Amino acid sequence: MPLFGCRSTGVQLPGRAGPQGSRRCLLSVRLLTEAVFGATVEVAAIIAALALYPSGAGEDHHTAGSRPEAPSGGSVPFPAMSADSPVLLVHGLSSNRAIFHVMRRGLRQAGFRRVAMLNYSWLSNDVRSAARLLADEVERVCEGSEHERVHVIGHSLGGVIARYYVQRMGGDARVHTLVTLGTPHQGTLAAMVPLPHQAIRQLRPGSDVLVELAGPAPGCGTRFVAFHSDLDEMVVPTANARLVHPDLQISNVPVRAVGHVSLPLHGRVVAEVCRVLGDARAAEPLAAA
């Protein structure tokens, strides 16, 4: 019997080779299976994020300790960074630092000893005011670690906040690599919900903040790495999580079948982020997660 309208035998269909049709059928089944599994994982991630949320309340300036490992070599288009360079994590909308529990552990295991997290309230801060908080936190991290530059990882709205700091507040002097996870760089239709909060309005396509970020950014010295997933239910359309700007040094990394909340919790994504930061001095193209 055919599955999902495809024949599993070698019988030739009118106008289409049987084996080719079978391959298409198997591909469709595989993609559907991945999507269902990814959606299931996303539901579990949302439940886990809700359970962890109370533990992430309040400020956290603690930096975790772990044995450092030397980064791999390669050509150097950016200033050199050591393996123990500080990493600062910035959460997204309706979240807090607890969302980075898995990411923080992965970074420590990868040899990054100094991992800090910025907590901010999206209810009382818009992108610009949160970017000022981020600027202050970066200075504290640099002073406390005696490093001149940091890496920043931003999830969702956190990526827009970090990008605003880098592009519009001179943060490229401090941020070596900015990694964004499911950040609506080109806006998201999900933000069109009739809620009055400014941070949500700033995520709408064509908002004043996004128009400002799309403006010229000559000489920006930060490296940008944007992870975008085809199963991101909060970035609509999903391609809007790609970063496109003529003045920026950008690598867009596609991720398949990982939901929005799952991105900072997913082992495959965490491993690739650690690889990106561990190989921050290399110039070769990034592999897809």
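Data table
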{"read-out": "Ascending count of other beta-carbon atoms within 10 Å, so fewest first, for Asp232, Asp126", "value": "Asp126, Asp232"}
{"read-out": "Distance (nanometres) between label positions extended 7 Å along Cα→Cβ at Met169 and Gln198", "value": "1.3 nm"}
{"read-out": "Built amide H within the under 5 Å cut-off of Ala257, gap 5+", "value": "Asp230, Leu231"}
{"read-out": "Relative contact order for the stretch 196-267, counting Cα pairs under 8 Å that sit 6 or more residues apart, in percent", "value": "30 percent"}
{"read-out": "Exposure proxy order (Cβ contacts within 10 Å, fewest to most) of Glu146, Glu272, Glu212", "value": "Glu146, Glu212, Glu272"}
{"read-out": "Long-range amide H partners of Ser94 with built H, under 5 Å", "value": "Trp122"}
{"read-out": "Dipole magnitude of the stretch 102-237 about its Cα centre (Cβ charges: Lys, Arg +1; Asp, Glu -1), debye to nearest 20", "value": "280 debye"}
{"read-out": "³J(HN,Hα), Karplus 6.51/-1.76/1.60, whole Hz, each residue of the stretch 135-141, x for Gly, Pro", "value": "4, 5, 5, 4, 5, 5, 5"}
{"read-out": "Cβ crowding within 10 Å averaged over residues, with 128-141, 155-168, 177-190 ranked highest first", "value": "155-168, 177-190, 128-141"}
{"read-out": "Separation in nanometres of the label points that stand 7 Å from Cα toward Cβ, at Arg140 and Ala271", "value": "3.4 nm"}
{"read-out": "Integer Hz, Karplus 6.51/-1.76/1.60 couplings in order for the stretch 152-162, x for Gly and Pro", "value": "10, 10, x, 9, 6, 4, x, x, 5, 4, 5"}
{"read-out": "Charge dipole magnitude, Cβ of K and R +1, D and E -1 - the stretch 168-245, Cα centre, debye nearest 20", "value": "200 debye"}
{"read-out": "Residue among Leu248, Gly206, Val235 farthest towards the positive dipole end of the stretch 173-289, charges placed on Cβ", "value": "Leu248"}
{"read-out": "Cα→Cβ-extended label distance, 7 Å offset, between Ser129 and Glu233, nm", "value": "3.0 nm"}
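Laboratory data are not the source of any read-out in this text; all were calculated from the coordinates shown. Because the structure is a prediction, the values reported are computed rather than measured. Please note: Cβ atoms are built from the backbone with ideal geometry, for glycine as well, and neighbour counts cover all protein chains shown.
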